[in-house]
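Working notes, beginning with the structure itself.
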Amino acid sequence: MQDSFLKQLNSAQLEAVQTIDGALLILAGAGSGKTKTITTRLAYLIDEIGIPPNQCLTLTFTNKAASEMQRRALGMIENITTHPPLLCTFHKFGLLFLKFYIPYLQRKTNFILADSEDSKRIIKELNGDLAPLALVVSEISRYKNSQITPSEALKEAHREIYQHIAKVYGAYQKILIEKNMVDFDDLLLLPLGIMQQNPQIAKEVSERYQYIMVDEYQDTNHLQYLLLKQLCSTHQNLCVVGDDDQSIYSWRGANIQNILQFSEQFKGAKIIKLEENYRSTQAILKAANQLIANNKERLGKELKTTLGKGKPIEILHSRDEQAEVRKIAKIIKQLLQNGVLAKNIAILFRVNALSRSLEEGFNRENIPYILVGAIRFYERSEIKDVLSYFRVLVNLDDDFSLMRIINKPKRGIGKTTIDKLVVLAQEHNTSIFGLLNPKDSEEKIRLQKLQSVQEALSNKTYHKIKDFFATLQDLQKSLQDSSLNFLDEFEQKIGLCEALGQTREEIDRVSNIEEFYGVYREFIKQNPLSELEEFLNDLALRSDQEDTEIRQESKGVEGVSCMSVHSSKGLEFDYVFVIGLEEGFFPMIREDSSLEEERRLAYVALTRAKKELYLSYADSRFYKGNRAFLRPSSFLVESGVSVNQAKIELRSVLIPSSNGANEFKRGDCVMHKILGAGRVVEVHQEKQETRLKINFGGLICEIFSNFVVKV
């Protein structure tokens, strides 16, 4: 490792790199060079201290982050004579772990990883319409991340809907095991269970990885914390990097207490703060620091810029969303005329629905834009078709994937035929492939299976299905002979592209399939010894954001990035517009929302900007079929930007009253900032709170009185 790499670090970064023994928390503020610090530390361990690379494990949250870190670290390490250090996501680590240790659960190692859409599809079939699908999916994930079994979930369920969800959970788990599938949550849950039940395995793995680093530690959940405890069972050499002020994923299980209590959970832990910001101007950081200082649950740090003062933050005040997008479009047009590249501009919003007015306005003004995260590339119908074919080629007994492609492209195998095959397979306790190609040792059983299929189907249909499986078996042989040439034969024999027509939509689908083939070819070039199964599992681990980036880069698309604040985390842009800064929209006010997390989210939004930051709010917005009258976000005042202007606007906009029950009576007309105009049906006084039952044009809601104002 060249000494010049260490000279590029500031004093706090250097201290973090050279602290190698025991638990260490690197509290890294936005834009403070955390990736540089963690990759230099990895190189320092290997090249300067002499730690064998295979004893180092670095865990991240996205494949993109892992690849970038590996590229940077390997660029600094001069002598690697063995395998490079393992640098991957938590879920990829779980996948690799299960390849070795899943037999301890009496399961086979050739399992298939079900992505989120696969899981939803299975759960939807089991659930029917008896409970909201989103609730069932999130509850099953919560059960798994809390290590609650289906039987325990059923025992704890006291309401009918949760009893139903617990039963769906049990049936879902049964299907996963029968089909030899694991889902995302299993990639953490199963390794943890194996290590907890087999202490010798935990000891073995912990001794193998003597130095562990974790990126974005504020995003870890309880399961990941327990996993790290197992991995550190023989040592305390755990270095975590994160920012408590950027913890914004509680809705998917992230536990901010992991980073806040790190020094208590790992005794003797050292904390080093990275507070020098290399991204944003002083004007931007001052507002971000002032805003986040209002939070109580934080370890505390203050970003200091290494750049100049910069242009003051500009407040955009508009009458409504149409006026807002006109103002933004005008500024963007001027930026583009001045030579700014569209890809260096971003529009951020808290609520995805706000993108509609942006799209309409930018289309009118001919401003190129990309709606990031709108459609996930690997969830497109045509891509799922190819993935299902590939899965069946890995395992001909995979009826779950077979159902999707048995008649794609159309080959005259209808729903009635498929239903008959499913019933027969269940009766004979085998797969559909097993029905037509029985491998039972007793000839009598083999003949019974074949006879049952031939009696159920017409001769023509029977031979169509036999021919289809014969084609799949030929493709399996082709795959073994040459992974690269396999795609040509696959398209020739299956003809997914050929079957599509010449409409604009179908041409796009062909283009998507060809692009996907390109992703497979690239994987084989980089991993010539890998099998199709590894490609599928690797693909299932890709994050939504990475899908979007692959799509944009391969198509050469460039435009203004429009995205949610959540999607923007980890990114940076020269020019950033944050829209929808009104109470109820940002911060979002819901039953399950946390004001501190909303403030952290706003902090993330502000710190994406490098040169110029524009904060936009409107007096009203059309939302969910109603015109909502709004007041400016409290975050505008808290961040200290144009405080006087914000206070003036607060007076001019309708502000909910909180003067007690006498203010409202039955029949009063009221205005709600989201639901619009309504009429009071009932008034209920409970201690210091007043609840109103209000009819909003047929939608009757019971809400607190301080959320509406008399008209």
Filtered residues of the range 103-127 (kept if closer than 22 Å to Ser401 by Cβ, open to solvent by 20 Å² or more (accessible area, probe 1.4 Å) and assigned to a loop (DSSP other than H, G, I, E, B)): Arg107, Lys108, Thr109, Asn110, Asp115
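Report, by residue number, each residue of the range 568-593 that is surrounded by fewer than 18 Cβ atoms within 10 Å (Cβ to Cβ) and of a type in the set (Gly, Ala, Ser).
Applying the first criterion (surrounded by fewer than 18 Cβ atoms within 10 Å (Cβ to Cβ)) to the range 568-593 yields 570-572, 574, 588-593.
Matches in the range 568-593: Gly570, Ser593.
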Residue under evaluation Leu336, criteria (1) open to solvent by less than 50 Å² (accessible area, probe 1.4 Å); (2) more than 28 Å from the chain's Cα centre (by Cα); (3) hydrophobic (A, V, I, L, M, F, W, C), criterion not met: (1)
Residue in the range 590-607 that is at pLDDT 95 or above and either among the β-branched types (Val, Ile, Thr) or part of a loop (DSSP other than H, G, I, E, B) (or both) present: yes
Members of the range 208-250 found to be surrounded by fewer than 20 Cβ atoms within 10 Å (Cβ to Cβ), under 22 Å from Val17 (Cα atoms) and charged (D, E, K, R), listed by number: Arg208
Failed item, numbered, when Gly361 is tested on (1) touching a Lys or Arg at 6+ places or on another chain (Cβ under 9 Å); (2) closer than 22 Å to Glu506 by Cβ; (3) part of a helix (DSSP H, G or I): (2)
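Is the range 317-338 home to any residue that is assigned to a loop (DSSP other than H, G, I, E, B) and of a type in the set (Val, Ile, Thr)? Step through it out loud before you land on a result.
Initially, the range 317-338 is screened for residues assigned to a loop (DSSP other than H, G, I, E, B), giving 319-320, 338.
Next, from what is left, pick out any that are of a type in the set (Val, Ile, Thr): none.
No; the residues of the range 317-338 include none that is assigned to a loop (DSSP other than H, G, I, E, B) and of a type in the set (Val, Ile, Thr).
Give the residue that is modelled with the highest pLDDT, with candidates limited to residues of the range 653-690 that are open to solvent by less than 80 Å² (accessible area, probe 1.4 Å) and of a type in the set (Gly, Ala, Ser). Working first, answer last.
Of the residues in the range 653-690, the ones open to solvent by less than 80 Å² (accessible area, probe 1.4 Å) are 653, 655-657, 660-661, 663-664, 667-678, 680-684, 690.
Within this subset, residues satisfying the condition of being of a type in the set (Gly, Ala, Ser) are 657, 660-661, 667, 676-678.
Numbers: Ser657: 39, Gly660: 42, Ala661: 46, Gly667: 87, Gly676: 74, Ala677: 80, Gly678: 84.
Within the range 653-690, the match that is modelled with the highest pLDDT is Gly667.
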Hits in the range 285-311 (condition: under 22 Å from Ile271 (Cα atoms) and in contact with a Gly (Cβ under 7 Å, 6 or more places away or on another chain)): Lys301, Leu303
The one condition in (1) modelled with pLDDT of 90 or more; (2) among the polar types (S, T, N, Q); (3) part of a helix (DSSP H, G or I) that Ser616 fails to fulfil: (3)
Verdict on Arg326 being closer than 30 Å to Leu113 by Cα and open to solvent by 20 Å² or more (accessible area, probe 1.4 Å): no
Conditions (1) aliphatic (A, V, I, L, M); (2) open to solvent by 30 Å² or more (accessible area, probe 1.4 Å); (3) under 30 Å from Ile259 (Cβ atoms): number failed by Ile331: (3)
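Having 3 or more residues that are modelled with pLDDT of 90 or more and farther than 24 Å from Glu207 by Cα is the bar; report the helices (runs of 4 or more DSSP H) wholly within the range 1-83 that clear it. Spell out the reasoning first.
Details: elements: 3-7, 11-18, 34-43, 63-76.
Correct list: 11-18, 34-43.
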So Ser318, is it under 25 Å from the mean Cα position of the chain (by Cα) and buried (at least 16 other Cβ atoms within 10 Å of the Cβ): no
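The values are calculated or read from the model by the stated rules, or taken from the named source; none is laboratory data. This one's a predicted model, so the numbers in the text were calculated from it and none came from an experiment. Positions of Cβ are generated from backbone atoms using ideal geometry, with glycine treated the same way; all protein chains shown enter the neighbour counts. The area values use the complete protein model at the heavy-atom level, side chains included, leaving out ligands, DNA and RNA. Shrake-Rupley method; radii C 1.70, N 1.55, O 1.52, S 1.80 Å.
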